[in-house]
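Read through the structure below, which is laid out as structure tokens, and then see the notes.
The values are calculated or read from the model by the stated rules, or taken from the named source; none is laboratory data. Given the structure is predicted, the values throughout are model-derived calculations rather than measurements. Heads up, the Cβs are rebuilt from the backbone with ideal geometry, glycines too, and the neighbour counts pull from every protein chain shown.
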């Protein structure tokens, strides 16, 4: 007999009965607030075209490196999970891959993936039996059937999920056609883009040369000259704002910034455009470009997000066979205090600049990030990120940042996901954990219950809207 | 209607009812023990002259960088908070600054500043309504009125707070006149000094040259020769001991120590006294001076405190306009294992030397500091410091150091504050958190209740007195 | 009147009543499972010869650097604790040393040593009064008496403790005679060895030259040539496997690995064998040898354990007087992401290789180790180690690794001890803490109770057997 699946109404609340009571009351006030998702990686094409998804494997498993990294870590070949190689081979059948996943679903016990998936299974698809080997086919079939119905099309789910704002992320070399199709379609869902120029900034990125060519084409600028290159960024930032963007995003190996003179910056740019740059020069150019991006944000008001500290593509063989974003990115020690100083020396006191900092190195929460955000007007703390977007990770984030940075220098939750169906689950986890944290403050008599209620709203909606300037007037492309 | 202010008797105790019961009982045994404050930054002149304070802003807001750093981080101009610039301008009225603070008091939810201030408001001034915009004037007026009365003079509060021992911190270039006036006054409050020679050791400190000149003047030594410089330290250490000091304090950028030969040390000293030193030489000289100070401590018995790891004055523009100690000091990663080895190679086994280590880098608690203090006879662990002097910070300190260093290699609580009125609040927080930690050990059956009671006393009074040699005979200046 | 000693049945369980109830039920299912001890430092000679131990000091105090490091840290001379100097002097009487220990037993409040010892006292020796000054002689006498009886011989205790598998650790230069005597004796206790070649790999180790000579002698290989040296490792690995070994162990200062060409490796080897190597070359050779050991593990199936990050013999004076392993090893910051890359570039995807990683730097749990183990098929996480083998340390390990690596990329518990009598106590602590952690997951509705029960078994026996290949067929020496 199959095991039951049910989402306990008290899940993730504090264990203690008194604190749990407070958490329950707080959570009730925010559980059904709209979802604001200001940073993520869903595919704008889904909402532009509103085509149905086809099956569980291609929707839930294949795009989610959290899932197949764990299966891979236990010796399961990615080929068997229908994760395509760069050369297109091999094509495992979706159903076989799903069965293998179901057989190994126990591996996820204690992980956030398990929480998110169970939420999707129970809440989005209505399952009341758990996923296991015996129910693999039942799941596969019922999900395929559901996905064929109008209620499971991207736009219908967007509405059903109560999403008020969803930002995708596109490269500087992207033509934003999906966003333009959304705008042209008359659909009222707020799906906006985010300016992510890494591909045209990071000379060590494998897309750099082609991205730069496309960057030139889209802007008509001479991107191989320093002034033309900067002008191209300005044009594309305007394009992105026209497609609703309120923010930029920068995924760099480190948080290094630089503050070179105009002459030095131009000379560095020329070396980067040539073929004899060193890794140190590549790093310095990324560093300088963060400061250039900050300068443009002061001009155009876009919020900057900095996501540093991941050693990308650590598994060389896997990168060769399957390419990037295959679960082989490993966090590294990250310095902020020295790294950000050049940028802060130039813009630290600006009150018209907003930079949201993320980290994969939790040792910086209390030591560096909270003191920085608790001082500099331009700095805010992004939520616990990636591996730390989890119940324990979120608790540590609150425990290690609140006392120094306060709650008002944080920006609410990001789901940061390409797994669209898990968005409600992820926001629900964050709301439960934050309400649990606030409940503990109440139960320890550190804040009053009415203060906790105000804060629960802020962490869910208020701070997010303000931090990402979401209450700004509707922008051109969206209003069109 | 104004919100109520009340201090809940169970605040900061564990949430769990069983552990809370134990904590309550333990706390009752230490709640009213005398306050021993062996490390802090109050102004000895207050107790020398016993002049009344004037208003809430100048007493509570303007000297407390914990408060205005948070307001500044939210874009509030320091000028509006009556924080003076180096050039003296501008003079915001105290009342206007206080109103602005009151309007933004919500920013402190979840921070220790909020706990300390509410304690001061309720317990020291007797408020029963909370601080908010509507009560700003009520607060300002009632505090001004109270401060005008004899009961709110510094010495009266010192007695009311039950302070048994209070150490201030003075530079090597200080003439200790305030301490001499206290001694001459016949007042019986134990207010002693601490020898903090950073200003005459750190050539990168902006006061170095004038401090050195004053150091020469006060000692009559040729401080520009290595032997004269060391002799001047010895003289001043004796002066400080005569003013009650039992300890020295060293706030260095890192924990680096060195163990140079006499010839090397003298050559380095000459470079530092010249005008061509490098930052590396400045660092090496600070490192060597920690070892020299340890050597003098072996001679004269003064306890050494090392406070490393803060990147001071990180905000260049603010340092230029407002000077140091304006909330812009940011902790950095700190190494102890390699940094302290030269000093420990020389004095590690000394049982007549006592060095109290502090950190702003919590990742060193379990990894480096507890193993070091749990081995070397001369090392002890200072309490959680600065940004970590908070409920969560104190819990982490105990959780990450106790299992390796034990409780007997720690030294009780330091308030480390210039905010005199908050001293009882700060000690109260520490007592509550420590009793909560002990209560958890009892509830998990790791220690017996009677052991917890012994330990609660130790953490509050016993260890502090022993670590700082406070039961030593009364010293000359105080006995005069 | 002496204080009572009793082990509370609920010790170390969560404080919250609901979670405690769950923990209690889980613990009952694993409390009496056999002990699998796949990594430790007991003396194989004890089991080979089954001679009685003599007294409390030589059995419990003198071999346990956790104990005397704490006493030493409080200024107690090691001479007074019967810890022998390298020159053999002085010989404090066992009873006097024991009394001094008993007088200072309070120092261990809140430490795991206290938990382990009380368990040994109550459970192994049957004491019902606590150790303190007044009971020192009672303890000393009763322990001596017990040790004289057959029931307290090594093999009898091995059986009484329910040990199913016990691995000791021997150097590559060890002749394994004790293991051979066990095999020849016909005793059925499974005591196996582990291949620890540090002494013949680390040229900075004081035993390097004599160990290498012995290595040559035991293998008949020309260990001063690169090929002969590698062949000698292969032979000794085979010898160790014949004595039951399923694993190797590598205690290096860092986790550095290298992947040199054959030519480079041979040239480096020649420098190491000469007398002009640099510390950087010593490090590179250790790094290269980890990769060579991985290559041999791919051949012969032995599990690799890497224990990096301890600055050994930090106290120079103590090392000179008393030698290594005297409580003066201090953890340091440890990098894994970059350090392991060369080895992983070569073997990262191997599913026939198993490497168990340990750390003394908890900041790497969530940042580096869990992401690495949650991706690479060849990597698993060893349990919290050494200073972190403690209730709080184990909790942090689970909280910081489970969400990213899952529980199935961990390997159960290691006691890692030379204190044989404490083995049941240590495994009991781990079982209680792990059940408490699982109970919290259940109480927060993150996993079901039946899942927790499966996991409790896995963490105690299942994962350990699989990770250390303990269900492999019995090997030659043991089967003989």
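In summary, helices (runs of 4 or more DSSP H) completely within segment A:188-288 and bearing 1 or more residues that are assigned by the TED database to the domain that holds residue A:332, in contact with a strand residue (DSSP E or B) (Cβ under 9 Å, 6 or more places away or on another chain) and in contact (Cβ under 8 Å) with a residue 12 or more places away in the chain occur at A:198-201, A:208-219, A:226-242.
Every residue, every condition in (1) out of contact with any helix residue (DSSP H, G or I) (no Cβ under 8 Å at 6 or more places or on another chain); (2) facing another protein chain (nearest Cβ under 9 Å); (3) closer than 26 Å to residue A:318 by Cα; (4) surrounded by 22 or more Cβ atoms within 10 Å (Cβ to Cβ), yes or no:
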position: C:289; (1), (2), (3), (4): no, no, yes, yes
position: C:305; (1), (2), (3), (4): yes, no, yes, yes
position: C:342; (1), (2), (3), (4): no, no, yes, no
position: C:348; (1), (2), (3), (4): no, yes, yes, yes
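Residues that are surrounded by fewer than 16 Cβ atoms within 10 Å (Cβ to Cβ) and in contact (Cβ under 8 Å) with a residue 40 or more places away in the chain within segment A:6-17 comprise A:6, A:7, listed in sequence order. So which residues in segment B:46-64 are in a helix (DSSP H, G or I), surrounded by fewer than 18 Cβ atoms within 10 Å (Cβ to Cβ) and either within 13 Å of another protein chain (Cβ to nearest Cβ) or in contact (Cβ under 8 Å) with a residue 60 or more places away in the chain (or both)? Selection gives B:49 alone. Go through the residues of segment B:148-168 one by one and say whether even a single one is part of a loop (DSSP other than H, G, I, E, B) and under 25 Å from residue B:81 (Cβ atoms). Within segment B:148-168, one or more residues are part of a loop (DSSP other than H, G, I, E, B) and under 25 Å from residue B:81 (Cβ atoms).
Checking residue B:324 against (1) under 30 Å from residue B:75 (Cβ atoms); (2) more than 13 Å from chain A (Cβ to nearest Cβ); (3) assigned to a helix (DSSP H, G or I), which single condition isn't satisfied? If we test residue B:324 against (1) under 30 Å from residue B:75 (Cβ atoms); (2) more than 13 Å from chain A (Cβ to nearest Cβ); (3) assigned to a helix (DSSP H, G or I), just (3) comes out false.
The requirement of being farther than 21 Å from residue A:39 by Cβ and under 19 Å from the mean Cα position of the chain (by Cα) is fulfilled somewhere in segment A:318-326, by at least one residue. Here residue B:41 meets each of (1) part of a loop (DSSP other than H, G, I, E, B); (2) within 14 Å of chain A (Cβ to nearest Cβ); (3) surrounded by 16 or more Cβ atoms within 10 Å (Cβ to Cβ) with one exception, condition (2). Does segment A:96-112 include one or more residues that are closer than 29 Å to residue A:356 by Cβ and either in a helix (DSSP H, G or I) or not assigned by the TED database to the domain that holds residue A:328 (or both)? Looking for residues that are closer than 29 Å to residue A:356 by Cβ and either in a helix (DSSP H, G or I) or not assigned by the TED database to the domain that holds residue A:328 (or both), one finds at least one in segment A:96-112, hence yes.
Out of A:49, A:79, A:16, A:64, one residue alone is modelled with pLDDT of 95 or more and under 28 Å from residue A:142 (Cβ atoms). It is A:49. Taking the condition in a loop (DSSP other than H, G, I, E, B), surrounded by 24 or more Cβ atoms within 10 Å (Cβ to Cβ) and either out of contact with any helix residue (DSSP H, G or I) (no Cβ under 6 Å at 6 or more places or on another chain) or at pLDDT 95 or above (or both), does residue A:383 pass? In short, yes. Against the definition (away from chain A (no Cβ under 14 Å) and out of contact with any strand residue (DSSP E or B) (no Cβ under 8 Å at 6 or more places or on another chain)), how does residue B:376 come out, yes or no? So residue B:376 passes the test. Is it the case that residue A:118 is in contact with a helix residue (DSSP H, G or I) (Cβ under 9 Å, 6 or more places away or on another chain), closer than 18 Å to residue A:423 by Cβ and not assigned by the TED database to the domain that holds residue A:426? Yes: the conditions hold for residue A:118.
You will find that of B:83, B:36, the residue that is in a strand (DSSP E or B), outside the structural domain of residue B:181 (by the TED database), within 22 Å of the chain's Cα centre (by Cα) and touching a residue at least 12 places away in the same chain (Cβ under 8 Å) is B:36 and no other. Of the listed requirements (1) farther than 26 Å from residue C:39 by Cβ; (2) not in a loop (DSSP other than H, G, I, E, B), residue C:131 misses just one: (2).
Yes/no per residue for (1) more than 30 Å from residue A:206 (Cα to Cα); (2) loosely packed, with under 14 Cβ neighbours inside 10 Å; (3) within 22 Å of the chain's Cα centre (by Cα):
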| residue | (1), (2), (3) |
| --- | --- |
| A:139 | yes, no, no |
| A:142 | yes, no, no |
| A:149 | yes, yes, no |
| A:161 | yes, no, yes |
| A:166 | no, no, yes |
| A:172 | no, no, yes |
| A:181 | no, no, no |
| A:185 | yes, no, no |
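When segment C:110-137 is filtered for residues that are free of Cβ contacts under 8 Å to residues at least 40 places away in the same chain and surrounded by fewer than 16 Cβ atoms within 10 Å (Cβ to Cβ), the ones remaining, listed by number, are C:126, C:133.
Residue-wise test of (1) over 25 Å from the mean Cα position of the chain (by Cα); (2) closer than 24 Å to residue C:361 by Cα.
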| residue | (1), (2) |
| --- | --- |
| C:195 | no, no |
| C:202 | no, yes |
| C:225 | yes, no |
| C:238 | no, no |
| C:246 | no, no |
| C:254 | no, yes |
| C:274 | yes, no |
| C:285 | no, yes |
| C:296 | no, no |
